[in-house]
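Working notes for the structure below.
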Amino acid sequence: MRSLFAITFVLCAGCGAKVDYRGSMAADGRAFFRKAKYAAQEQGSSVSLVAEPEFYLQSKSERHLLTLRPFLRLDPIDQQRSHWDIRRADYVASVGDWVFGAGAGIFSWRVLSGVGVVDIINQIDFVEDASGNQKLGQPYARIAWQPGAWSFEIMALPVFRQPTFPGEKGRLRFAALVDTDSALYETRLGRWQPSFAARVAVNAGGFDIGLGLFSGVSRQPRLIAQITDERVVPAYDLTHQASLDVSWTIGPVVLKAEGFGRLWSRDLRFYGGAGGGIEYNFFDIAGSGVNLALLGEYYYDSRPADAPLTFFKNDAFLGTRLTLPDSGGTRFIVGAVTDVRDLRTYIRGQASRRFGNHFRVIVQVNAYVGKRDGLEGGLLRDDHAMLRLAYFL
Amino acid sequence: MKIRSKLVLYSILAATLTLAIAAERVSRAASPSGADIARKAAAQLSGYGDQQASLKMILKNAHGNVATRAIRFRTLEDKGGQSYALIIFDSPADVKGTALLTHDKRGGDDDQWLYLPALRRVRRISSSNRTGRFVGSEFSYEDLSGYDAADYHWKRLADRGGHYVIEARPKRSGSGYSRRVLLVSKKGYRIEQITFFDRKNARVKTLSYSRFSRPDGKHERALRWTMVNHESGKSTVLEFSNFRFNQGLTVSQFSKSRLRRLR
């Protein structure tokens, strides 16, 4: 695929097509505030490298777009954190109001800021980010018809990819090790069981509304404990989901809600999940150009204990975003997710600023407050700070 | 980066529609009123069909430090009088691919969406940040929006050499300015300078248009806009290049779902 891309690149550079790249490479310094909980874990603070460049080729008419976005993390200390992925490698044709696409990519339907409730196309890359916000590229074929404010689309997802989980030596891992090599599938086709999705979306008068359908292999595993050791085996059932996502912008206020109903396993057992939130923006405070946003969100999920895994069964999120009007694009973001039942809280704070035209420095602190037991125990113990020096291509 | 609300983009529009409007017929009276002059000046900037250009934004602070941004813009007028605008950032590198889409609805609130490649999400932009600064520049979103001549009370203040001096006072609240004073050439009705007065009626900023040119031999555009903030000493220069008209852009190229596919 990559050599094909390289050849196409060279051929098309001369034919009026636009060949370009964007994305970043970064060095991450990471320091943990406590000793690792499990004996096998590497203790340490480390410096690792991460790259996510995007190469693309667009025809002069802008009808044809070929994109390749590989991802690579190299961590010399924590070897199991070193991993790579193809986040995107696809061809998209836009013909009038029609769009045809095939390859691998990432698709998101969420409107909430703290936790995405309805997203179901892609798998989570837990090795890259324990918060669940990094996703793996999903092979797909897609047809969309997008007249005016409307969008209708159907997708076929021919193969299932497992989420990644940190290994035995890795920090920010779960209490139990997930044995992905022994994964169980409900159907005989295993990971070759195809999945399908459809979506209708419209925007009108301050509203952005989407209705989604999904049928196929569950993106979240049930974790089955093994008698012989501390490992758990992930099991991926068939799942059918209908979801709705809505955001409504009225002046400085944004109201957001998203939710789904899901039938899972052969018995078609039901559970639902939903989240709602409000974002209030203070624009241009006292004529200074400073913007401040306050966010509050709540998530609820009715799934039983034996259903696939979620960390957000009854949680609240509070966040704030402060942006300065300087040429460095300085911004501060703080968010906290609290489990309403036992008040354990995960806090992430981040500050960043651009230097010159290509560099951005990001400082991030991740802290956990409350009980540090259960499946997330290992995760919740690993308070850490990160300094990232990113070079944007 | 803060590209919020009403933003934007219209950088062009500003350039273009600056005053908005529909090319209404203006009375041929020997001595035109302020509103007549405003409408004629606006008519010079509309009626283009579609247009696109590249622009360099140069930010200078009071110490002379300079930062630059590279931007592309495209606009389209449809037959119903609605206009569409798109701006795409090429630099700084961390915001490359950031795109702002505006559907300018005459007589109503605009719809605006921002696509951030780093988050891979499209966000609707609130229309209540008109007075905020656009990407750290001396232009507010309000300065860059297309404005409708019908939204202002116009007054002809004086004639100065080959120019009319006219004043615009907003009819509606929500503007950061109490009034603007425009210098419009008698020949060709081109806007050459706008002075902005804050709500306390103090002169805060001056925008000068220069390097007038007809890139296609027909439509006249100012290729250089200089905004000086008299209070902070900072300035922002916009330099336009590669203007192209009527390249066959269509409304579907300005749809929200298209934002992710822009390059």
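The values are calculated or read from the model by the stated rules, or taken from the named source; none is laboratory data. What you are looking at is a predicted structure, and each value in this text was computed from that prediction instead of being measured. Every residue, glycine among them, receives a Cβ derived from its backbone with ideal geometry; neighbour counts consider all protein chains shown. Only protein heavy atoms, including side chains, enter the accessible area calculation; ligands, DNA and RNA are left aside. Shrake-Rupley method; radii C 1.70, N 1.55, O 1.52, S 1.80 Å.
Assorted remarks:
- The residue that is nearest to A:Ile278 (Cα to Cα), among those in the range A:132-159 that are open to solvent by less than 30 Å² (accessible area, probe 1.4 Å) and of a type in the set (S, T, N, Q), is A:Ser151.
- Selection of the range B:199-245 for residues being in a strand (DSSP E or B), within 21 Å of B:Ile166 (Cα to Cα) and open to solvent by 30 Å² or more (accessible area, probe 1.4 Å) yields B:Arg203, B:Ser208, B:Ser210, B:Phe212, B:Thr226, B:Val228.
- Looking across A:Glu128, A:Glu168, one residue alone is farther than 18 Å from A:Gln220 by Cα, away from every other protein chain (no Cβ under 12 Å) and surrounded by fewer than 22 Cβ atoms within 10 Å (Cβ to Cβ). It is A:Glu168.
- The condition (being open to solvent by 30 Å² or more (accessible area, probe 1.4 Å) and either within 14 Å of chain B (Cβ to nearest Cβ) or modelled with pLDDT of 95 or more (or both)) is satisfied by just one residue among A:Asp342, A:Asp301, A:Asp306, A:Asp326: A:Asp326.
- Contact map, the range A:338-358: first residue basic (Lys, Arg), second residue open to solvent by 50 Å² or more (accessible area, probe 1.4 Å) and in a strand (DSSP E or B), Cβ cut-off under 9 Å, separation 6 or more or different chains; pairs are A:Arg344/A:Val369; A:Arg348/A:Ile333; A:Arg348/A:Val334; A:Arg348/A:Val365; A:Arg353/A:Arg331.
- Among residues that are open to solvent by less than 50 Å² (accessible area, probe 1.4 Å) and not in a loop (DSSP other than H, G, I, E, B), B:Arg156 is not included.
- Being out of contact with any helix residue (DSSP H, G or I) (no Cβ under 6 Å at 6 or more places or on another chain), surrounded by fewer than 14 Cβ atoms within 10 Å (Cβ to Cβ) and within 14 Å of chain B (Cβ to nearest Cβ) is a property that A:Gly205 has.
- Restricting the range A:69-100 to residues that are closer than 24 Å to A:Leu393 by Cβ and within 14 Å of chain B (Cβ to nearest Cβ), the residue that is surrounded by the fewest Cβ atoms within 10 Å (Cβ to Cβ): A:Tyr91
- Flag if A:Asn122 is assigned to a loop (DSSP other than H, G, I, E, B), at pLDDT 95 or above and of a type in the set (S, T, N, Q): yes
- Number of the condition not met by B:Arg72 [criteria: (1) within 12 Å of another protein chain (Cβ to nearest Cβ); (2) not in a strand (DSSP E or B)]: (2)
- Positions within the range A:282-298 being within 22 Å of A:Ser113 (Cβ to Cβ), open to solvent by less than 60 Å² (accessible area, probe 1.4 Å) and either touching a Pro at 6+ places or on another chain (Cβ under 9 Å) or within 14 Å of chain B (Cβ to nearest Cβ) (or both), in sequence order: A:Phe283, A:Asp284, A:Val290, A:Asn291, A:Leu292, A:Ala293, A:Leu295
- When residues in the range B:132-164 are screened for being closer than 18 Å to B:Ala222 by Cβ and more than 14 Å from chain A (Cβ to nearest Cβ), 7 of them pass.
A quick yes/no check of all residues on (1) open to solvent by less than 10 Å² (accessible area, probe 1.4 Å); (2) modelled with pLDDT of 85 or more; (3) facing chain A (nearest Cβ under 9 Å); (4) closer than 29 Å to B:Ser178 by Cα:
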{"position": "B:Ala67", "(1), (2), (3), (4)": "no, yes, yes, no"}
{"position": "B:Gln82", "(1), (2), (3), (4)": "no, no, no, yes"}
{"position": "B:Phe89", "(1), (2), (3), (4)": "yes, yes, no, no"}
{"position": "B:Ser128", "(1), (2), (3), (4)": "no, no, yes, yes"}
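- A:Arg321 being within 14 Å of another protein chain (Cβ to nearest Cβ), farther than 30 Å from B:Phe139 by Cβ, out of contact with any Ser or Thr (no Cβ under 7 Å at 6 or more places or on another chain) and surrounded by 17 or more Cβ atoms within 10 Å (Cβ to Cβ): no
- Qualifying positions in the range B:16-60 - part of a helix (DSSP H, G or I), out of contact with any helix residue (DSSP H, G or I) (no Cβ under 7 Å at 6 or more places or on another chain) and modelled with pLDDT under 85: B:Ala43, B:Gln44
- Pairs meeting the criteria (first residue in the range B:249-263 and more than 7 Å from every other protein chain (Cβ to nearest Cβ), second residue open to solvent by less than 30 Å² (accessible area, probe 1.4 Å) and in a helix (DSSP H, G or I), beta carbons under 8 Å, at least 6 apart or on different chains) are B:Arg258/B:Ser252.
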